[in-house]
Each structure stands twice: as structure tokens, then as C-alpha cells.
Amino acid sequence: MNAKKPVAGKNGERYVPYAERKGNESIVYFTRDLSPKGLIKLYEKVNGNIVGNVGIKVHTGEQHGPNIVPRSWVKALMEKDLPDAHIVETNTYYDGDRYTTEKHRKTLEVNGWTFAPVDIMDEEGTTMLPVKGGKWFTEMSVGSHMVNYDSLLVLTHFKGHTMGGFGGSNKNIGIGCADGRIGKAMIHTTPGSSNPWNINEEELMERISESSKATCDFFGKHITFINVMRNMSVSCDCEGVAAEPVVTPNVGILASTDILAIDQASVDLIYAMKPAEKKALVERMETRHGLRQLSYMKELGMGNDRYVLLDADHEDTRIYPADAVKDVKPWAPDGQM
């Protein structure tokens, strides 16, 4: 008898208020300081288990992409705290500036990622990592070089996403560590289908999260997460110069050792904004059922959706999302690259 096909969850378009959540609380640090100094300050609060050979998973962007984490910030962080680390990436599933290793390396050069070694992890093939407790996968295909690293810093530009609703830490490694041909196809394509992009919305969020879990489980306690809430278009950085204009105010930087807590806190900060400030990004998250990323991560045991938000600008005192965004200003370009 054939096993039944898993069924995707529902309600990925529904935001769950904090009062409806249950369970333990994790620590999430926050700073309004959108600068290299702010990034370094938060990294040093969550880097206790970052040891050995370190990879930094950051979205390096399509050619001339305007919204990625500034290269100057990453360079400053590496010079201060991670001088021997490698930036790590994988090739893309779509045919763009990073589809092949050759094109990817040219794009890295164009975008200025020349100050540190960049490891395209699927350049020399793939390897399979187990997916524990998943309903879509028992294993996930990732770039073969991933197993060369002892620790991973997931440095994420938080923003919207055309298919995922939002791109946080979960998407950064769920899509970004899966290799460009096998792993990303496993996430986006129904087996046997001729349509490479035919997974339904809620199922896509679950597949992304199961892929992310494979990476989190591989590194165990030696993985940490930073979300940069700046230049938040509703578009992903994979859209490069074609990204929709930024209309959401800049917020700050978050850091945590809990992947669910940091993505949930980032989403909560958006929802705590005034209606006009959050409209575009909330609409993008809800229409793509992106909030299913959060509820499914919780079902998979990937962390807590309840957290204590600590203000690193004021001696780590507890604050709430509404306090953190009450003084945000309309978005304007800051010139940081």
C-alpha cells in the first residue's frame, strides 16, 4: 500500500498575536544602530558557540542589487571578530547572475565581495543532510562544502519575498544552503512535474523550513542568527535592480541563537508599525502565506515563538516591539554599501 501524500498546513496568511502563543521564551537582542558598530555589538552577544572553521551565510545579491547587507558592514565584522571565516553561498535554481559557478563568481566581483574568501558550497557537488521529523523530506541536498565548517553565522537581510512572503533567517538557509540543482528543486518542484515552480504556498513554507532544519541540526549549538531590518522591499535580493521600491521604514538589527524567535520577532516588529508603514510588507507576507514558516518551525521543534526582546542600546533592558518601532522614520537611502 502506498503511503499517503503529506498534506500542507493552513492559515499561513494569519498572524498569531503574542497572547495566543504558548511555550518558553528565548532571548532576542535588538539595536537601532544600523551600522558596522551595531552589527558587531549584536554579534558579540550571540557568538559564544561560534568556534573552529566558520562560515557566514549572507545573501550576496544579483548584480548591482541595491538592498543587500552592506559589504562594508560584513568586512568590518570579519576584521574585528571573524578574520579567518569564509562567506558561503550556493548557486541559484533560476537562470540569473548566479546560476552557474562561473556567473556567480563574476557577480561576486561586480558586487564587491572581494575582501574575503567566498565559498560557493555546491561548486564541487552536493551532499545529503538528514531532515529529522519532516513530512516532506527525510534528507536535503546541500552544497558539499557545508560539511567543512564547524560553525555558521546566518547573517540575513530581512525583507519581503515574492514566493516566501518574507525572507528571514529561515529562508536564508532553507533556500540558500540547498544546492542549486537538486536541493532547490526538491523545495520548489513537485516530483515528476515539468513545472519547476509548482509547489503550493503553504507546502513551500514547510519545505523551506524542513530544509532549514537540516542545516540547523547539522550545526547544533554552533549556529547563530542575525537579521538586518534595513532597505526592506517586498522583493527578495534575488530580484536585484528589479526589486520593488522600499517603502517600509528601517528598524534595526536583531540577534539570537533561536531561529524561530528571531524571525518571529522580526515579523512582530513589522506588525507593530503604524498601518501605512507596514501595509506593503504585511500584504506580501499574508498573500503568500509566509507566516506558515513560523508555525511550521514551531511544529518541527526549531525554537520558540515567544521571546524576551532586549534593547542593546539601553543595557539590555526588556522592550516590546511597539516600543522598538514607535520612532521609526520614513525610509530614505542611507548610502551605505
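Kindly evaluate LEU254 against the criterion of being farther than 20 Å from ASN172 by Cβ, part of a strand (DSSP E or B) and in contact (Cβ under 8 Å) with a residue 40 or more places away in the chain. The answer is no for LEU254. Within the stretch 19-45, residues that are more than 20 Å from GLN336 (Cα to Cα) and in contact (Cβ under 8 Å) with a residue 12 or more places away in the chain sit with their Cβ atoms under 8 Å from residues that are of a type in the set (Phe, Trp, Tyr) and not in a helix (DSSP H, G or I), at 6+ positions apart or across chains, in these pairs: GLU25/TYR307; SER26/TYR307; ILE27/TYR307; VAL28/TYR307; LYS45/TYR29.
Inside the stretch 209-227, can you point out the residues that are of a type outside the set (Lys, Arg) and not in a helix (DSSP H, G or I)?
Kept after step one, since they are of a type outside the set (Lys, Arg), are these residues of the stretch 209-227: 209-212, 214-220, 222-227.
Of everything in the stretch 209-227, those that are of a type outside the set (Lys, Arg) and not in a helix (DSSP H, G or I) turn out to be GLY220, HIS222, ILE223, THR224, PHE225, ILE226, ASN227.
Return yes or no: is ILE50 more than 25 Å from VAL325 (Cα to Cα) and in contact (Cβ under 8 Å) with a residue 60 or more places away in the chain? Yes. Looking only at the stretch 98-132, residues that are aliphatic (A, V, I, L, M), over 20 Å from the mean Cα position of the chain (by Cα) and under 22 Å from PRO70 (Cα atoms) come to 2 in all. Summed over the stretch 124-148, the residues that are surrounded by fewer than 20 Cβ atoms within 10 Å (Cβ to Cβ) and under 18 Å from VAL54 (Cα atoms) give a count of 3. The residue of the stretch 1-58 that is surrounded by the fewest Cβ atoms within 10 Å (Cβ to Cβ), among those that are more than 17 Å from LYS80 (Cα to Cα) and of a type in the set (Lys, Arg), is LYS4.
Scanning the stretch 72-94 for residues that are surrounded by 16 or more Cβ atoms within 10 Å (Cβ to Cβ) and either aliphatic (A, V, I, L, M) or closer than 29 Å to ILE182 by Cβ (or both) yields a total of 14. Only one of the numbered conditions (1) at pLDDT 95 or above; (2) touching a Gly at 6+ places or on another chain (Cβ under 8 Å); (3) not in a loop (DSSP other than H, G, I, E, B) is violated by GLN264, and that is (2).
For the stretch 238-257, the set of residues classified as within 13 Å of the chain's Cα centre (by Cα) and surrounded by fewer than 24 Cβ atoms within 10 Å (Cβ to Cβ) consists of CYS238 only.
Checking the conditions here, which among ASN172, ASN195 is out of contact with any helix residue (DSSP H, G or I) (no Cβ under 7 Å at 6 or more places or on another chain) and crowded, with 24+ Cβ neighbours inside 10 Å?
Working: ASN195 fails: crowded, with 24+ Cβ neighbours inside 10 Å.
Sole residue among the options that is out of contact with any helix residue (DSSP H, G or I) (no Cβ under 7 Å at 6 or more places or on another chain) and crowded, with 24+ Cβ neighbours inside 10 Å: ASN172.
Counting residues in the stretch 321-328 that are surrounded by fewer than 22 Cβ atoms within 10 Å (Cβ to Cβ), in contact with a Pro (Cβ under 8 Å, 6 or more places away or on another chain) and closer than 29 Å to GLU44 by Cα gives one or more.
Just one of the numbered conditions (1) surrounded by fewer than 19 Cβ atoms within 10 Å (Cβ to Cβ); (2) among the aliphatic types (A, V, I, L, M); (3) closer than 16 Å to GLY61 by Cα is not true of ALA185: (3). The conditions of being within 19 Å of HIS222 (Cα to Cα), assigned to a loop (DSSP other than H, G, I, E, B) and small (Gly, Ala, Ser) are met by GLY176.
The values are calculated or read from the model by the stated rules, or taken from the named source; none is laboratory data. None of the values given here were measured: they were computed from a predicted structure. Cβ coordinates were reconstructed from backbone atoms using ideal geometry, including for glycine residues, and neighbour counts include every protein chain displayed.
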